[in-house]
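Asks: Structure provided below as C-alpha cells; questions to follow.
The values are calculated or read from the model by the stated rules, or taken from the named source; none is laboratory data. Note that the structure is a prediction, hence the values are computed from the model and not measured. Methodologically, a virtual Cβ is constructed for each residue, glycine included, from the backbone with ideal geometry; neighbour enumeration extends over all protein chains shown.
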Amino acid sequence: MQRLYGLYLKNMKIEYKKNLLSIAPYIPGKPIKEVEKEYGIKNVVKLASNENSLGTSPKALEALQGSVNFLNRYPGHSALVEKLAQKYKVLPQNIVLGNGSDEILKMFAEVLLSEKDKAIMSEHCFGIYDIVVKSAGAASIFVPFNNFRIDLDAIKKNITSATKIIFLTNPNNPTGAIIEDKEFENFIKDIPQNILVIIDEAYIEFVRDKKNIIDSLNYIKKGYFVAVTRTFSKAYGLAGLRIGYSVMQKELASLLNRIRLPFNVNSLGEAAASAALDDKIFLNKSVLSVHNEIDFISAKLDEMKIEYLPTNANFLFINIKKNADKVFKEMLKLGVIVRSMKSYGYPEAIRVTIGMREENLKFLEAIEKVE
C-alpha cells in the first residue's frame, strides 16, 4: 500500500502519495488567443497539437445541433459503441469509450498496475504513458529508439516478471514512423500472455503505408492480449469534444467498465462522433489535404536544406539543429505555434502539425527567419 506524505496548507495537514511528485505535468500546446494577447499580434496559426486544420465534419456539426435540446438528459453510449462494433466487426463488449483515448490509457493503468509493477515504453514517447503509470504507483521503463523508430527487440530484452504493460505508438508520436506488421508478428509471439500490449493509433487514419502497417485489430481477434486505442480528436476534427475509444478482449473491457466513471463521454461528443463515422467525404478530404501538404512542405524544406523525418502521421519531425525552445519562442513572435521536442528528449528538434496551405506558408516563412 502506498504511503501518504504530508502537505501543509495553512493549519491543515493534507496527505498525498509521494510518487506523485515524480510526475512531470503534461504541458499542452499554447492556445491561439493566449499568444495573440501576449505578443499583441493577430492571425496566429497553431501547428503544435496535431489538430485537424480543415475543421470539423459537417455531419458532426449537424448532429451537434440536433442534440442540444437534450442536454438535460444523461448520455447513453450504446449507439456509438454499436456503430464502432459494426465498423470493426467485433462485439460491443470489446469496446470501451473514453473522454479522449487518454482516459482509457489511465483506466488500463488503474486496472493492471500496482506498486511493484512496471510498464515499458519508448524513451521518446507521448508523455501521458508515464503519467498514467506513475499515478498508479508503478514504474516506467524507457527503451531507446533505433534510428527514430520503436525498437521492439530492445523492448523484449527489458521484459521482466514485473512487466505488466507495454506501450506502443503507431504511427509514432513524435517521429511519424510506423511499426510494420511482419516485425510486430515476430514480436508479439514472444510476449508473455500476462502482459498487455497497448497500441496507440491516434494517427492511424493518416497512414500512407497501409500495406505494411500492423493490422492491430486482427491480433485481438486472434486472441492476443492486445488493446488498440483510437481517437476522434485528429482526423475527425473533434478534439474539443474529447472522445476516444479502445478495442480489446471483452474480459479486459469488462474490468475497465467496472472503474469507468458513469457518463464519461458526453452526449454531444457521442452524437458528433457517431455522425463523423458516416462522413467519409470529410475524412477523405482531411487525409488527402494532409498528404498533399506533407509533400509541399517536404519539398520546401529540401530546398532550405532542413532535415526532417518521413511521416505517416499529420505532423513532421524537423531537426532544426538549433535550441528548440528558443526556436519555439521566436516563432511565437512571428505568429506561428509549433512544438519544441525538448520534452521528448530532442533539444534541437521541433514538431509541426500539417495545416492548410496558408498556415504552412506562414510556418515556412517563419522557419527561415528564426536564428
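Asks: Kindly provide the set of residues from the stretch 293-314 that are surrounded by 13 or more Cβ atoms within 10 Å (Cβ to Cβ) and in a helix (DSSP H, G or I), ordered by number.
Replies: Once the filter is applied, which keeps residues that are surrounded by 13 or more Cβ atoms within 10 Å (Cβ to Cβ) and in a helix (DSSP H, G or I), the stretch 293-314 yields Glu293, Ile294, Phe296, Ile297, Ser298, Lys300, Leu301.
Asks: Just to be sure before I move on: is Phe317 in contact with a Ser or Thr (Cβ under 8 Å, 6 or more places away or on another chain) and not in a helix (DSSP H, G or I) in the structure I sent?
Replies: Working: in contact with a Ser or Thr (Cβ under 8 Å, 6 or more places away or on another chain): yes; not in a helix (DSSP H, G or I): yes.
Taking the combined requirement at face value, the residue satisfies it.
Asks: Of the conditions (1) crowded, with 19+ Cβ neighbours inside 10 Å; (2) out of contact with any helix residue (DSSP H, G or I) (no Cβ under 8 Å at 6 or more places or on another chain); (3) of a type in the set (S, T, N, Q), Thr56 fails just one. Which one is it?
Replies: If we test Thr56 against (1) crowded, with 19+ Cβ neighbours inside 10 Å; (2) out of contact with any helix residue (DSSP H, G or I) (no Cβ under 8 Å at 6 or more places or on another chain); (3) of a type in the set (S, T, N, Q), just (2) comes out false.
Asks: Further question on the same structure: All but one of (1) touching an Asp or Glu at 6+ places or on another chain (Cβ under 9 Å); (2) in a strand (DSSP E or B) hold for Tyr129; which doesn't?
Replies: (2)
Asks: Can we say Val290 is outside any helix (DSSP H, G or I) and either at pLDDT below 95 or farther than 18 Å from Val90 by Cβ (or both)? Even if it seems obvious, please write down each step before you answer.
Replies: Values: outside any helix (DSSP H, G or I): no; either at pLDDT below 95 or farther than 18 Å from Val90 by Cβ (or both): yes.
So Val290 does not fit the description; no.
Asks: Taking the stretch 199-218 as the region of interest, how many residues are more than 21 Å from Lys285 (Cβ to Cβ) and either of a type in the set (Asp, Glu) or touching a helix residue (DSSP H, G or I) at 6+ places or on another chain (Cβ under 7 Å) (or both)?
Replies: Residues meeting the conditions: 7.
Asks: Still on this structure, please answer the following. I'd like the full set of residues that are among the small types (Gly, Ala, Ser) and either crowded, with 17+ Cβ neighbours inside 10 Å or within 30 Å of Val68 (Cβ to Cβ) (or both), limited to the stretch 221-266.
Replies: From the stretch 221-266, those among the small types (Gly, Ala, Ser) are 223, 227, 233, 235, 237, 239-240, 244, 246, 253-254; that's our starting set.
Once the filter is applied, which keeps residues that are among the small types (Gly, Ala, Ser) and either crowded, with 17+ Cβ neighbours inside 10 Å or within 30 Å of Val68 (Cβ to Cβ) (or both), the stretch 221-266 yields Ala227, Ser233, Ala235, Gly237, Ala239, Gly240, Gly244, Ser246, Ala253.
Asks: OK, next. Restricting attention to the stretch 21-48, which residues are over 25 Å from Met356 (Cα atoms) and surrounded by 13 or more Cβ atoms within 10 Å (Cβ to Cβ)?
Replies: Here is the first cut: in the stretch 21-48, the ones over 25 Å from Met356 (Cα atoms) are 21-26.
The answer is Ile23, and nothing else.
Asks: Please give the number of the condition Val44 fails out of (1) within 18 Å of Glu205 (Cβ to Cβ); (2) touching a Lys or Arg at 6+ places or on another chain (Cβ under 9 Å); (3) outside the structural domain of Ser246 (by TED's automatic domain parsing).
Replies: Going through the list (1) within 18 Å of Glu205 (Cβ to Cβ); (2) touching a Lys or Arg at 6+ places or on another chain (Cβ under 9 Å); (3) outside the structural domain of Ser246 (by TED's automatic domain parsing), Val44 breaks only (1).
Asks: Go through the residues of the stretch 332-345 one by one and say whether even a single one is under 22 Å from Lys33 (Cβ atoms), in a helix (DSSP H, G or I) and at pLDDT below 95. Write out each step before concluding.
Replies: Initially, the stretch 332-345 is screened for residues under 22 Å from Lys33 (Cβ atoms), giving 332-340.
Add one more test, that the residue is in a helix (DSSP H, G or I), and what stays is 332-333.
So of that shortlist, the ones also at pLDDT below 95 come out as 332-333.
Yes.
Asks: Suppose the filter is over 24 Å from the mean Cα position of the chain (by Cα) and at pLDDT 95 or above; does Asp295 pass it?
Replies: Working: over 24 Å from the mean Cα position of the chain (by Cα): no; at pLDDT 95 or above: yes.
Criteria not met by Asp295.
Asks: Moving to a separate point now. Can you tell me which residue in the stretch 146-186 is farthest from Ser114 (Cα to Cα), limited to those that are hydroxyl-bearing (Ser, Thr, Tyr) and crowded, with 16+ Cβ neighbours inside 10 Å?
Replies: Within the stretch 146-186, the first condition is being hydroxyl-bearing (Ser, Thr, Tyr), and the residues that meet it are 160-161, 163, 169, 175.
Adding the requirement that they be crowded, with 16+ Cβ neighbours inside 10 Å leaves 163, 169, 175.
Values: Thr163: 11, Thr169: 23, Thr175: 31 Å.
Looking at the filtered set, the residue picked out is Thr175.
Asks: Inside the stretch 109-126, can you point out the residues that are outside any loop (DSSP other than H, G, I, E, B) and under 15 Å from the mean Cα position of the chain (by Cα)?
Replies: Kept after step one, since they are outside any loop (DSSP other than H, G, I, E, B), are these residues of the stretch 109-126: 109-112, 118-122.
Those that are outside any loop (DSSP other than H, G, I, E, B) and under 15 Å from the mean Cα position of the chain (by Cα): Met121, Ser122.
Asks: Here is a check on your reading of the model: is Gly355 touching a residue at least 24 places away in the same chain (Cβ under 8 Å), part of a helix (DSSP H, G or I) and crowded, with 17+ Cβ neighbours inside 10 Å? Even if it seems obvious, please write down each step before you answer.
Replies: Values: touching a residue at least 24 places away in the same chain (Cβ under 8 Å): yes; part of a helix (DSSP H, G or I): no; crowded, with 17+ Cβ neighbours inside 10 Å: yes.
Against the criterion (touching a residue at least 24 places away in the same chain (Cβ under 8 Å), part of a helix (DSSP H, G or I) and crowded, with 17+ Cβ neighbours inside 10 Å), Gly355 does not qualify.
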